[in-house]
Amino acid sequence: MFMRRRPLLRAAAVGGGAYIAGKRTARRRADQEQYQADQDARISDLEQQQAPPQQPPAPAQAPSASSPMIDQLNQLAALHQQGVLTDDEFAAAKAKLFAT
């Protein structure tokens, strides 16, 4: 009976050691995957912050026989909508355009 215990103890020790080693390897792999996922998230956040905001494409101008005055008024309106011209500047430019 004494002879039988040693192989069982040896098998238990080897199996337990393999279980612990496997568990440690799995934990390291999970930690590494989590670290890589965090890095990917940080990189994508930085890329989004550095990317210039995309502006919608300018509306297509219909080819028509419009007068230069209408074209200039449309340009002024576009500049006003983009925030290049203030309300006062837009009103002054529009009044100047109509005065000519």
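For the range 1-50, the fraction of alpha-carbon pairs lying more than 17 Å apart is 61 percent, rounded to a whole number.
A full extension of the chain between Ala11 and Ala30 corresponds to an added length of 4.0 nm, given 0.36 nm per residue minus the alpha carbon distance.
For Leu85, the amide hydrogen comes within under 5 Å of the amide hydrogens of His80, counting only partners 5 or more places away or on other chains and with H modelled in the peptide plane.
Working note: Karplus 6.51/-1.76/1.60 with θ = phi - 60° gives the range 33-41 the couplings 5, 5, 4, 5, 5, 5, 4, 4, 5 Hz, where Gly and Pro are set to x.
Every number here is computed from the coordinates shown, using simple stated rules; none is lab data. Predicted model, so just to flag it, every value in this text is computed and none were measured.
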